[in-house]
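Asker: Can you read through this structure? Questions will come right after.
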Amino acid sequence: MAQKRQLKTVGKITARVEILKEKSLIVSELPSDEVCRSLNIWVGNGGYATSENLSTSYCEENL
């Protein structure tokens, strides 16, 4: 489940989830805990995720 709390209304926002075979190239190393799968989650266009537009954002997965 991915949720965000918007501070501004901007209409439709595109979101894309990529399930990866390996670790994402945008992280340097995997966490020390067990990793079930690696994901990239892209929401909105570049420059939108600022403190003026979003107050909180998180992603949660239940196995």
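Asker: What is the set of long-range amide H partners of Ser38 at a cut-off below 5 Å, with H atoms built 1.01 Å from backbone N?
Answerer: Under 5 Å from the amide H of Ser38 lie the amide H atoms of Leu20, each far enough along the sequence or on another chain.
Asker: Calculate, in nm to one decimal, what Glu52 and Thr14 gain on full extension: separation in residues at 0.36 nm each, minus their alpha carbon distance.
Answerer: Additional length available on full extension: 11.8 nm.
Read-outs throughout are calculated quantities, based only on the coordinates presented, and are distinct from any laboratory measurement. None of these values were measured; they are calculated from a predicted model.
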